[in-house]
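Asks: Could you have a look at this structure, given as structure tokens, before my questions?
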Amino acid sequence: MYAALFYFIAGLTVIGALGVALSTNVVYSAMSLLAALVGASGLYVFLAADFVAVVQILVYVGGILILTLFAILLTHQIAEIQVSNRSVGRLPALGLVVLLGLAMGAAILRAPWHVEPLAAATPTTYGIGDSFLNQYLLPFELASVVLLTALVGAIVLSRKELRE
Amino acid sequence: MSIGLHHFLFVSLLVFLCGLFTVLTRRNAIGVLMGVELILNSANINYIAFSRYGGGGYDGQVFSVFVIMLAAAEAAIGLAIVLGIYRQFETIDVEATDTLRG
């Protein structure tokens, strides 16, 4: 049962990712991205990372994907994009990806991973919050600054130019 | 065969390869951004898998939250730039924006 559920969620993730890569319509790509993101969130649940799973749903599905769909619909005439092969064609790209995949797959299989026995799955919110406010306090504050900068930058970039 | 570290690493590898293929073949700027999101997600799966199986405490999960945060910032800025390109060039084909080419 556990394994079947894992394979279902992993399949959802990988099929979603394949849909993003292979779909010729960018709206379908966005919908496949939804499947891939929800699947990744399910994988986080399998890995006992409940907080990150919920953040993934909130930020990616609730924020980034909606933003992407807005951008797609605001820039019309792109529904009929054609995946042309002028810059990097599909075949060379496929070759590169397969080569890289073989190399990385071999690395995954051969590397002597240091695996500890699994601890019991406990709620992670306390530990993550504790890390943010102790060990990772400076990056946490920097993240706030980065988000504020991104917010202001996005507004400045996307507003209509003020004409004199 | 029980589910172990390798399963998660291979799912992450497949997601990464799909993202790389998307970035390489798309000429639509929004499509390229979606490929980048896939690549960031595969990195996140790796972080959390190693955090779970390596006994590393919460470090991997904290890093993945940072990655999600930066992905959100990247998406906001990237899509704003895409909209700017669209207003300027009437297209979001990344090959069309070659004004600076000598």
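The values are calculated or read from the model by the stated rules, or taken from the named source; none is laboratory data. Values in this document were obtained by computation on a predicted structure and should not be read as measured data. When we count neighbours, we look across all protein chains shown, and the Cβ atoms used for this are built from the backbone with ideal geometry, even at glycine. All accessible areas refer to the heavy atoms of the entire protein, side chains included, with ligands and DNA or RNA removed. Shrake-Rupley method; radii C 1.70, N 1.55, O 1.52, S 1.80 Å.
Asks: Taking only the alpha carbons of the protein assembly as shown, what extent do you get along each of the three principal axes, in Å, biggest first?
Replies: Rounded to whole Å, the extents work out to 63, 43, 35 Å.
Asks: May I pose another question? Leaving out ligands, DNA and RNA, calculate the buried accessible area for the pair B and A with a 1.4 Å probe, summed over both sides, in Å² to the nearest 100.
Replies: By this definition, chains B and A bury close to 6900 Å².
Asks: Just which residues of the stretch B:70-91 lose 50 Å² or more accessible area with every protein chain there, against their chain alone, with the probe set to 1.4 Å?
Replies: B:ILE77, B:LEU79, B:ALA80, B:LEU83, B:TYR86, B:ARG87
Asks: When only DSSP loop residues count, what trypsin sites (Lys or Arg not before Pro) in the stretch A:91-164 have their Cβ near at most 11 other Cβ atoms within 10 Å?
Replies: Details: sites: A:ARG110, A:ARG159, A:LYS160, A:ARG163; in loops: A:ARG159, A:LYS160, A:ARG163.
In loop regions of the stretch A:91-164 (DSSP not H, G, I, E or B), the sparsely surrounded trypsin sites (Lys or Arg not before Pro) are A:ARG159, A:LYS160, A:ARG163.
Asks: Oh, and also: Hey, what's the per residue convex hull volume over the C-alpha atoms of the stretch A:1-83, in cubic angstrom?
Replies: Each residue corresponds to 71 Å³ of Cα convex hull volume.
Asks: Under a 1.4 Å probe, what is the accessible area of the stretch B:1-91 per residue, stated in Å²?
Replies: Dividing the accessible area of the stretch B:1-91 by its residue count gives 33 Å².
Asks: Quick one: Kirkwood hydrodynamic radius for chain B, alpha-carbon pairs, angstrom, one decimal?
Replies: Values: mean 1/r = 0.0650 Å⁻¹.
Answer for chain B: a Kirkwood hydrodynamic radius of 15.4 Å.
Asks: Roll a 1.4 Å probe over the protein chains and send me the accessible area per residue for the stretch A:1-83 in Å².
Replies: 45 Å²
Asks: Can you find, among B:LEU14, B:ALA75, B:PHE63, the residue farthest towards the positive end of the dipole of chain B? Put +1 on the C-beta of Lys and Arg, -1 on that of Asp and Glu.
Replies: Most positive-ward Cα: B:LEU14.
Asks: Additional query: How many percent of the accessible area of chain B is carbon or sulfur, using a 1.4 Å probe?
Replies: It is 66 percent, rounded to a whole number.
Asks: With +1 assigned to the C-beta of every Lys and Arg and -1 to the C-beta of every Asp and Glu, and no other charges, what is the dipole magnitude of the protein assembly as shown about the Cα centre in debye, to the nearest 20?
Replies: Approximately 460 debye in magnitude.
Asks: Ratio of alpha-carbon Rg to the 2.2 N^0.38 Å globular estimate for the stretch B:33-90, to two decimals, please.
Replies: Working: Rg = 15.3 Å, N = 58, 2.2 N^0.38 = 10.3 Å.
Dividing the Cα radius of gyration by 2.2 N^0.38 Å gives 1.49.
Asks: Enter the mean number of other protein chain beta carbons within 10 Å of the beta carbon of each residue in A:53-60, as an integer.
Replies: Across A:53-60, the average partner-chain Cβ count within 10 Å equals 3.
Asks: Expressed as a whole percentage, what fraction of the accessible surface of chain A belongs to carbon and sulfur atoms when a 1.4 Å probe is rolled over the protein heavy atoms?
Replies: Numbers: 7370 of 10050 Å².
The C+S portion of the solvent-accessible surface of chain A is 73 percent.
Asks: Dividing the alpha-carbon Rg of the stretch A:125-164 by 2.2 N^0.38 Å yields what?
Replies: 1.82
Asks: Starting from the Kirkwood radius over alpha-carbon pairs of the stretch A:12-148, derive D by Stokes-Einstein at 4 °C in a medium of 1.567 mPa s and give it in µm² s⁻¹.
Replies: 70 µm²/s
Asks: Let me ask you something else. Work out, step by step, the length gained on full extension between A:ALA111 and A:SER144: first 0.36 nm times the residue separation, then minus their alpha carbon distance; give nm to one decimal.
Replies: So the chain would gain 8.2 nm between A:ALA111 and A:SER144.
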